[in-house]
Every structure is written in structure tokens, then in C-alpha cells.
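The values are calculated or read from the model by the stated rules, or taken from the named source; none is laboratory data. Computed from a prediction, not measured in an experiment: that's the story for all the values here. So basically every Cβ, Gly included, is an ideal-geometry build from the backbone, and we count neighbours across all protein chains shown. Only protein heavy atoms, including side chains, enter the accessible area calculation; ligands, DNA and RNA are left aside. Shrake-Rupley method; radii C 1.70, N 1.55, O 1.52, S 1.80 Å.
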Amino acid sequence: MPLRSLRAMVIAFIAMLSLATLLTAAAVYFALMGAIDVQVDKRLEREAAELLEGNPPVAQLVERIAGEMRRRDSADIGFLLRAPDGKHLAGNIVLPAPVPPGISTIGKEQGIAGLTRGQALLTRLPGGAALTLVAESEPIEHHDAQRLRILAAGFGTILLLLIAGTWALSRAITARIDRLRTTAESIVDGDMQARVPIDGLGGPFERQAEAFNHMLDRIDALMVSLTGISNDIAHDLRTPLARLHGRIQALAVRPEAEAVRGEIEALAAQNGEILQMFAAILRITEVEGGDRRALFARIDLGDLIEEAGAALDPVIEESGHVLTIAPGEPLAVEGDARLLAQALVNLIENAVNHTPPGTRITLGVRRHGDLARLTVRDDGPGIPEEARTHALRRFGRLEASRNRPGHGLGLPLVQAIARLHHGTLELADAAPGLAVHLDLPLVP
Amino acid sequence: MRKRTAAAQAQPTVSGLRMDENASPLSVLVVEDDAELAQLLAEQLGAAGYQVEIEADGRAAIDLVAVRPFDVILLDRMLPAIDGVDVLKRLRREQVDVPVILLTALGRLAERVEGLDAGADDYIVKPFEIDELVARIRTVLRRRVSPNADNSTVSAGDVTVSLLRHRVTRAGQPIELHKTEIKLLAELVRAAGSVVTRAMLLEKVWGYDFVPTTNIVDAYIRRVRLKLEVPGLPDPIATVRGVGYMFRG
């Protein structure tokens, strides 16, 4: 998972934060222990200095030790004076294991009652005797465990708060992003009225949402204006075209028109062509508007290709092409049956219109991941890869097809139909020929 | 603006659509604000044998319909002052059940649905063929006359088509046709004597609301013609150039 994703960043942040908190807790723990040890060591050194002040002879030292043992403020210190041969001379403790000269740390292994951890100071006296002082650095039983618990509770709470905070923050960011995403998806689906909800709490998120909505308002206004233009064209241009159409028709039936009938028919045909282009443009606008989604129903794609193939069968036969329907599995999509039929008819017609007689055209439908893939394949000349994008553009006619029927609106219309159905249109190399894939989301 | 165009004064014959001279002409009200288009329509419908009256304003049209009976109303959608769909709703509210065909430049699905929901009997997007308009007028009138007629068997001339049994006979001889061919022939036979446009056939037989670039209808008609061929009998299907077909009956 690359670190650019929000989830990865959150996980990495929490992991680093946890590690830092644990290291801090450990450092605090060891610093605390070290500080106690230093205090205990100082105390032992002070006590040893007092006992050994003036380098007293052994007998006097024994007395001083006995005196210290009676004193309340040094009752928590263990004393041991040994002769050079190891014989116990004075003191209230026994050390089964030897301790090194100077300061050292001792534990339970010394078997001193009530001592779980402590510091020992061994001083060698000039005559060879050894004075050992021992003090607990764990004054209370299980003090270390308690200290650990306190540290764990403190740092654990900090850690939990940080994790919860980070999680909440990431949730808040995700929710905001989701709102933007769902709004964008609704817009893509044709709902131009979708907007990001504004909760009035201010801040950068709010400003971002407002900017986003503002952008959508602007796009919507432009779209409304464009649609308005389309409608105006529809009315203002269709009416004179209708008049022209009517006039040509009226002219054609007049007896005196007999001499120029051929010209009149050519005029009618040209006018008809303009009207067809117009119908195609308006159809694309209608499909892109998304209104037809209201008619969506479950459609079996096997039936669809059978019907489209059958409808075009005589046309294909007359043009000298060969049509085959590839066997497929039953697959269903949600869609507008008439539009999907139009898409398929357009694709088959494209193959008929742009390939020489004898070309084999195959219709097929199969599963392609979680999509249904409708394919119209031919073994004709195909479309070079660099020209495929152009072929999908409105009025994007290829040089080779300029003298053939069509206005370069067939494929853009199929693409608009694909988009309306949340699908895609792809032109591919059928080696040889062209394969046109119309991918549509499957319904269970 | 109101103008009466008598059928007798009009130019004769548009693609052989002229009605029977002896029958009383059917009256059509054209509600259209484009004077030139309205005039053209009146002339062409007059030539087809209808008695046409023109009204440019929706309100005036409502008033006129209240006092004068019409057989069919052709209603433009985009009218000044009151919209064609509102005119239609008003008419239907006032229990006027004259067949109404909306004529409009607005051809989007939602607009069609709105028009049909408002009570229109048919919806024609401009520009249209006059022959198609006439054919559609006949269709709505026929539907009004016999709304519950059994349409599963139709016949005209020496051809009988049984849609339920998938059987076709010509002069008593069975003819083998495929499903689509039977549907196509049935449409032509049902409208015998009237022109049926390619667009109408595509819609009724194939369920398409678009016109393909290739000639699906023509190719099917060629097949049907070939199969209906009986030595000594004429071709029962007439081609109306640039428009569609007509079953001679």
C-alpha cells in the first residue's frame, strides 16, 4: 500500500506515534530508576564516609556500626563488616554472594529479607577488612510493577487519545472526501442538481465544498445555456426545415414539376440528410441529458444481439457481408432497450458501411470481469490505433470513409449510450479488422 | 387568424392519398402559430381530402372546439400565450375527446411522455412527412372507431395475416414468412390503402425509435415481396418514393 493513501498515512502515523510513546515511556522508566539509584548511592556514600571518618580501627568501627544500626534514620540500611578472612565482625545482614568493590546493584539473589532490589557499596579498609552497606532502591514491595502500571496507564491514555484523535480526523477527512465523491458521481450520472452538503461549521473543508458547489453552479448554468441553445435550435431550425420539407413535397406533386423531378428529389434527399444529422445531434443531447434512465429495465443481452442481428440480416445479405452470432452465456444489464438496440444497430451498420463485401462480422456477448462485453468484430481493414480517438469524436470521420454514408455521429452516439449505462466503448484491433467492445455493468 | 380551406379547392393527390370523393370530408383543426407552416399543412391536408381549419392561438382553439366539432386536432406544442400541452390538458378536462396529435419541434423522450400523458393520441416531431401525418391521422381515427377490435387477424385484398397463428395466405395459398416479416406485412395490411412511413414501420415492427442509416425496412420489404409473389397476381405492396409503402388492398 503506497504511503500516498490516506489509510496508509494514518496507519503509519499511528505506528510511529505508538513507537515514540513506548520509547518515551521506557526512557522515563529507566530515568526514574537511574535517579533513585543515584539518590541511594549518594546516601550509602554519605553513610560510609560517616562510619569511616578518621579511619577508625576495626573495634571502633564495630561500635559505630552498632550505633548506626540503632539509629532510626539509618534503620533502612544494611551493614556488614567482614574481617580479611571473611569472618563476620559486625552488621545486620548476610551476603551469600560476594559483591564487587564500589557501587553495585543487588537483587533477590542475595536473599536479604524484604529486599527485591537495592544498591550495595563495598569499601575495602586498610587492614584488609571489608565494609559493605546495602540500601533498598525499592522501598515498597512491588514498587517497580506499580511504577510500570502508572507509566503504562499514563502513556497508554496518551496513546489511545492520539489513536482515537487520528482516527476521528481521518474519518472526518474521509467523510468530506466521500461527500465530494458522491456529488461528483451524481453529476457524472446526469444529476446536475447534486451539490456537496454545507453544514455551516466553517473552516477549510467548508470553503472547499463551497468552491466545489460554486463550480457546479457554473457548469450547470453553462449546461442549461447549452441545452437552451439545443432547444432553441430544435425549434427555430426545425420549423424552417419543416417548411422547406413541406414545400419540396408540395412542389414534387405539381404537374409542371415533372421536368425537374430529379432535381426536386435530390433536394429532398439533401434536406433529409440535414434532418438526419440534426436528429442524431439531438439524440446525443437527449442521451447525455440522462432522462432516458427513467426507462431502464432488465435486458437480456443475448436476446438483444439476436434481435439486432436478425433486423440487419437482409441488409447484410444484400451488401455481401457475412454475419455470425457467437455463442454466449445469458447475461443481463439494466438499460434502455431501444437505446441499446440503437447502439448495436449503429455498430453493425458501421461494420457494413465501412468494410468491403465479403467481410465477416461477428456479434458476441460475454462476461468480462464484472461487466458484460458486447462485441461487434469484423475482419475488414480496421482503424489504425492513432485514428481511433478521432473516430469517437463528433463529426470525426476518417479520411478513408469520407465518401461513405454517415456523418461521424454514429460512434459518439454509441459512446453517449454507453456512458448513460455506466459503461464504456472501446475500439480495438481484431487483427485483422476492428473489434468494438461495449462494456456494461452486469446485474445479478 | 382563422382560415378555412375547402378540400375541393385544394391540389389533388399527394402520393395517391386522396380520400373517397363521395365520403364527407373529415374536419381537421390545425393549431399552429407559424403561419407559413400552417398554410402549407392546410394545403397538403386539403389535397389529401380533409377539411382544414387553422387557429394560431391556444385559447382561441379551446373556444373554437367548444362550439364546433372536429374529427382530429393537430396541435403545435410551442404556442404563444398558452402552451400546446396546456391546451390539451384543458380540452381533456372539459371532456373533449377528439383525437389530438401533437406536432412539435420538441422530440425528447420526456417531452413525448409529457405530451402523451396529457392525453395526446399521437406525437409527431417536426419536420414530418405529410404522408406520415395522414397515415397517423387515419390510425388514431381507426383506433377511436374500434378501440377493442381483434387485431390478431388482418386481411386486405387477397392477403390474410394471422399474427397469433403465424400464418399468411395469399389467394388462399399459404405463404411461409419469418416472424418479423409477418409483423411487417400485418402492419401494411392493417393500414391498407394508406401510406406507412419507414419510421412508423421501424417503430411498430422493430420497436426502434430511431432511423438506421441502412435500409432495414426496404430490405425486409424486398423479401416479403419476393415471398408474396404469385404468378399472374400483381405486387400488392406499392412503394411511395422517399416516404414508405402502401398495401394496395
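Values as computed for the structure displayed
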| read-out | value |
| --- | --- |
| Scan of region A:122-133 for residues that are crowded, with 18+ Cβ neighbours inside 10 Å and without any contact (Cβ under 8 Å) to a residue 60 or more places away in the chain, ordered by number | A:LEU122, A:ALA130, A:THR132 |
| Tally of residues being in a loop (DSSP other than H, G, I, E, B), open to solvent by 10 Å² or more (accessible area, probe 1.4 Å) and either in contact (Cβ under 8 Å) with a residue 60 or more places away in the chain or in contact with a helix residue (DSSP H, G or I) (Cβ under 6 Å, 6 or more places away or on another chain) (or both) across region B:33-48 | 1 |
| Test: residue in region B:45-61 that is β-branched (Val, Ile, Thr) and modelled with pLDDT of 85 or more | yes |
| Selection from region B:114-127 of residues that are within 13 Å of chain A (Cβ to nearest Cβ) and touching a strand residue (DSSP E or B) at 6+ places or on another chain (Cβ under 9 Å) | B:ILE124, B:VAL125, B:LYS126 |
| Candidate set: region A:387-444, residues that are within 15 Å of A:THR355 (Cα to Cα) and among the basic types (Lys, Arg); chosen: the one modelled with the highest pLDDT | A:ARG397 |
| Checklist (1) in contact (Cβ under 8 Å) with a residue 24 or more places away in the chain; (2) open to solvent by less than 30 Å² (accessible area, probe 1.4 Å) applied to A:LEU282, failing item | (2) |
| Residues that are touching a Gly at 6+ places or on another chain (Cβ under 8 Å), within 27 Å of B:VAL113 (Cα to Cα) and surrounded by 15 or more Cβ atoms within 10 Å (Cβ to Cβ), drawn from region A:292-325 | A:ARG293, A:PHE296, A:ILE299, A:LEU301 |
| Pick from region B:23-32, criterion touching a helix residue (DSSP H, G or I) at 6+ places or on another chain (Cβ under 9 Å) and part of a loop (DSSP other than H, G, I, E, B), ranking: farthest from B:PHE70 (Cα to Cα) | B:GLU32 |
| Residue list for region A:241-271, restricted to those being within 60 Å of the chain's Cα centre (by Cα) and facing chain B (nearest Cβ under 7 Å) | A:LEU241, A:ALA242, A:ARG243, A:HIS245, A:GLY246, A:ALA268 |
| Single residue of A:THR183, A:THR157 found to be more than 24 Å from A:LEU17 (Cα to Cα) and of a type in the set (Val, Ile, Thr) | A:THR183 |
| Residue in region A:254-271 that is of a type outside the set (A, V, I, L, M, F, W, C), at pLDDT 80 or above, in a helix (DSSP H, G or I) and touching a Leu at 6+ places or on another chain (Cβ under 9 Å) present | yes |
| Only listed residue being touching a helix residue (DSSP H, G or I) at 6+ places or on another chain (Cβ under 6 Å) and at pLDDT 85 or above, chosen from B:VAL189, B:VAL154, B:VAL134 | B:VAL154 |
| Residue among B:VAL98, B:VAL85 that is more than 13 Å from chain A (Cβ to nearest Cβ) and buried (at least 19 other Cβ atoms within 10 Å of the Cβ) | B:VAL85 |
| Check on B:ASP158, away from chain A (no Cβ under 12 Å) and surrounded by 17 or more Cβ atoms within 10 Å (Cβ to Cβ) | no |
| Subset of region A:333-353 (residues that are more than 8 Å from chain B (Cβ to nearest Cβ) and touching an Asp or Glu at 6+ places or on another chain (Cβ under 8 Å)) | A:ALA351 |
| Selection within region B:25-42 - facing another protein chain (nearest Cβ under 10 Å) and out of contact with any strand residue (DSSP E or B) (no Cβ under 7 Å at 6 or more places or on another chain) | B:ASP34, B:GLU36, B:LEU37, B:GLN39, B:LEU40 |
| The listed residue being within 23 Å of A:ASP236 (Cα to Cα) and within 21 Å of the chain's Cα centre (by Cα), out of B:ARG142, B:ARG136, B:ARG108 | B:ARG108 |
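Residues are listed down the side, and each one gets a yes or a no for (1) over 29 Å from A:GLY328 (Cα atoms); (2) small (Gly, Ala, Ser):
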site	(1), (2)
A:GLN276	yes, no
A:GLY289	yes, yes
A:ARG292	no, no
A:LEU301	no, no
A:GLU306	no, no
A:ALA311	no, yes
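Matching residues to (1) in contact (Cβ under 8 Å) with a residue 60 or more places away in the chain; (2) within 13 Å of chain A (Cβ to nearest Cβ):
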{"position": "B:ARG143", "(1), (2)": "no, no"}
{"position": "B:ARG167", "(1), (2)": "no, no"}
{"position": "B:GLU176", "(1), (2)": "no, no"}
{"position": "B:ALA192", "(1), (2)": "no, no"}
{"position": "B:ALA199", "(1), (2)": "yes, yes"}
{"position": "B:TRP206", "(1), (2)": "no, yes"}
{"position": "B:PRO212", "(1), (2)": "no, yes"}
{"position": "B:ARG225", "(1), (2)": "no, yes"}
